[in-house]
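Here's the structure, in structure tokens; my notes come after.
The values are calculated or read from the model by the stated rules, or taken from the named source; none is laboratory data. Because the structure is predicted, anything quoted here is derived from the model rather than measured. Methodologically, a virtual Cβ is constructed for each residue, glycine included, from the backbone with ideal geometry; neighbour enumeration extends over all protein chains shown.
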Amino acid sequence: MTKIQPQPGILDIAPYVGGQSKIDGVTEVVKLSSNENPFGPSDKAIEAFRRAGHDLHRYPGTDHRALREAIGDVHALDPARIICGVGSDEIITFLCQAYAGPGDEVIHTEHGFSMYRISTLAAGATPVQVPETDRVVDVDAILAGCTDRTRLVFIANPGNPTGTMVSERELRRLARSLPERALLVLDGAYAEFVDGFDGGAALVKPRGNVVMTRTFSKLYGLGGLRVGWGYGPTDVIDALNRIRGPFNLSEPQLATAEAALRDRAFAQKCFSENARLRVWLRDALIEQGLEVDESHANFVLARFADAAEAEACDEFLKSQGLLVRRVGGYGFPNALRITVGDESGCRRVVHAIGQFKGVGG
């Protein structure tokens, strides 16, 4: 047996598994498994991507200045305190690399994004899972889980796969009460779907222990390009930039993300349609006898009587060419996460679930 072994913690990582995108034997699939924007990217973003293709032989800039300034303009933030990455996943990885290591602890909640645990283990640190209360982040549980070894606390707000939110007041209390050496990381991958919500930016500005992450993969329809960003204290952003690869984002990524961000009319259309159909989808699923919390994201979490019913329903939906997401790995074996698609997709999945339950669509 070889003596060459990876660092401790690496083999404890269960590889991330994305939402299913194909069904054997089915050519036309309605994909509601990965929280993608059913309208795709804006025409302006597509045109920017095409134009960028003419310069594929050129290295991109290393400071991402144009995109950082665009983010600053749209969100009223200081571009100097913004870092861009390959999806918000890469920012999460940078944070674990820079601030956690052997002997350190990183807190995440029981239904939190699986990349928190993966990035923690990859850095050699110890992930600490704390409970949620009724599928909502519990600040008291987080504080009870903190020790003098806590270095990072990850919270998705809105949560995935729950769609629930923790209030700004509770987040302020958490930031105030964390151990002196701990950073609070607010993962705002779904923040754009909440009317008037800044993703936690107002909490970052006055404090030195809060970082916010965001993505272009959801509202902006750029999941296939992988672009994200983070906003935090100057010293934190400086530390992250020291481990960021100089060419981590290509020119097509940078130019397309900037064009998508500046197309506010398209973003507003996607926001409005998601808000309308999210309410309709939740109400329709409740009428089918399912338990569904109010969601603040671009998906709903439908809870069945038990795991067997959820799995059977998932198999039935596949037989109808409909893909949703099983979320047993997130602590919900009795639930299916359903992306808010376009109107046709939403109506089809509700009708099919009605057929499965014998209620009628």
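Would you check if there is a residue in the stretch 34-46 being modelled with pLDDT under 95 and within 24 Å of residue 188 (Cα to Cα)? Give the steps one after another, and end with the answer.
To start, the set of residues in the stretch 34-46 that are modelled with pLDDT under 95 comprises 34.
Next, only the ones that are within 24 Å of residue 188 (Cα to Cα) stay: 34.
For the stretch 34-46, residues modelled with pLDDT under 95 and within 24 Å of residue 188 (Cα to Cα): present.
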Inset, instruction - Just need a number here: residues in the stretch 46-61 that are without any contact (Cβ under 8 Å) to a residue 12 or more places away in the chain and more than 29 Å from the chain's Cα centre (by Cα). - result: 2
Inset, instruction - Provide a single number: the residues in the stretch 254-294 that are farther than 25 Å from residue 164 by Cα and either free of Cβ contacts under 8 Å to residues at least 60 places away in the same chain or not in a helix (DSSP H, G or I) (or both). - result: 2
Legend entry - Filter result for residue 241 (under 16 Å from residue 68 (Cβ atoms), assigned by TED's automatic domain parsing to the domain that holds residue 204, in contact with a strand residue (DSSP E or B) (Cβ under 8 Å, 6 or more places away or on another chain) and assigned to a helix (DSSP H, G or I)): yes
Inset, instruction - Please list, ordered by first then second residue, the pairs with beta carbon atoms under 6 Å, 6 or more apart or interchain, first in the stretch 67-86 and under 8 Å from residue 229 (Cβ atoms), second among the hydroxyl-bearing types (Ser, Thr, Tyr). - result: 82/231
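Using the structure shown, decide if residue 53 is within 20 Å of residue 226 (Cβ to Cβ), modelled with pLDDT under 95 and surrounded by fewer than 20 Cβ atoms within 10 Å (Cβ to Cβ).
Yes; evaluated as a whole, the condition is true for this residue.
Out of everything in the stretch 296-318 that is of a type outside the set (Phe, Trp, Tyr) and touching a helix residue (DSSP H, G or I) at 6+ places or on another chain (Cβ under 6 Å), what residue ends up being farthest from residue 341 (Cα to Cα)?
Initially, the stretch 296-318 is screened for residues of a type outside the set (Phe, Trp, Tyr), giving 296-298, 300-303, 305-315, 317-318.
Applying the additional criterion that residues be touching a helix residue (DSSP H, G or I) at 6+ places or on another chain (Cβ under 6 Å) yields 297-298, 300, 302, 313, 317.
Working: 297: 12, 298: 8, 300: 11, 302: 15, 313: 18, 317: 15 Å.
Selected residue: 313.
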Inset, instruction - Please find, within the stretch 244-284, the residue that is surrounded by the fewest Cβ atoms within 10 Å (Cβ to Cβ) out of those that are closer than 17 Å to residue 195 by Cβ and of a type in the set (D, E, K, R). - result: 264
Inset, instruction - Could you please give the count of residues in the stretch 313-333 that are surrounded by fewer than 18 Cβ atoms within 10 Å (Cβ to Cβ) and in contact with a Phe, Trp or Tyr (Cβ under 8 Å, 6 or more places away or on another chain)? - result: 1
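Quick one: count up the residues across the stretch 83-127 that are of a type in the set (D, E, K, R), in a loop (DSSP other than H, G, I, E, B) and more than 14 Å from residue 155 (Cα to Cα). I'd like the intermediate steps shown before the answer.
So the first thing to find is which residues in the stretch 83-127 are of a type in the set (D, E, K, R), and the list is 89-90, 104-105, 110, 117.
Narrowing further to those that are in a loop (DSSP other than H, G, I, E, B): 104, 110.
Next, only the ones that are more than 14 Å from residue 155 (Cα to Cα) stay: 104.
Total satisfying the criteria: 1.
Here are 300, 292: which of them is surrounded by 23 or more Cβ atoms within 10 Å (Cβ to Cβ) and in contact with a Lys or Arg (Cβ under 8 Å, 6 or more places away or on another chain)?
Values: 292 fails: surrounded by 23 or more Cβ atoms within 10 Å (Cβ to Cβ).
Result: 300 is the single residue among 300, 292 that is surrounded by 23 or more Cβ atoms within 10 Å (Cβ to Cβ) and in contact with a Lys or Arg (Cβ under 8 Å, 6 or more places away or on another chain).
Mind checking which residues of the stretch 163-190 are in contact with a His (Cβ under 9 Å, 6 or more places away or on another chain) and on the phi < 0 side of the Ramachandran plot? Write out each step before concluding.
Of the stretch 163-190, the ones in contact with a His (Cβ under 9 Å, 6 or more places away or on another chain) are 163-165, 190.
Residues satisfying the conditions are 164, 165, 190.
Check 212, 165 and return the single one that is closer than 29 Å to residue 333 by Cβ, aliphatic (A, V, I, L, M) and crowded, with 22+ Cβ neighbours inside 10 Å. Give the derivation first.
Details: 212 fails: closer than 29 Å to residue 333 by Cβ.
Testing whether each residue is closer than 29 Å to residue 333 by Cβ, aliphatic (A, V, I, L, M) and crowded, with 22+ Cβ neighbours inside 10 Å leaves just 165.
Restricting attention to the stretch 334-361, and to residues there that are in a strand (DSSP E or B) and of a type in the set (Val, Ile, Thr), which single residue is surrounded by the fewest Cβ atoms within 10 Å (Cβ to Cβ)? Can you show your working first?
Taking the stretch 334-361 as the starting set, the residues that turn out to be in a strand (DSSP E or B) are 334-339.
After this cut, where a residue has to be of a type in the set (Val, Ile, Thr) as well, the list is 338-339.
Details: 338: 30, 339: 27.
Going through the qualifying residues, I end up with 339.
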Legend entry - Failed item, numbered, when residue 343 is tested on (1) touching a helix residue (DSSP H, G or I) at 6+ places or on another chain (Cβ under 8 Å); (2) in contact (Cβ under 8 Å) with a residue 60 or more places away in the chain; (3) under 26 Å from residue 156 (Cα atoms): (3)
Inset, instruction - Those residues that are closer than 17 Å to residue 277 by Cβ and at pLDDT below 95, I need them from the stretch 310-361; list them, please. - result: 361
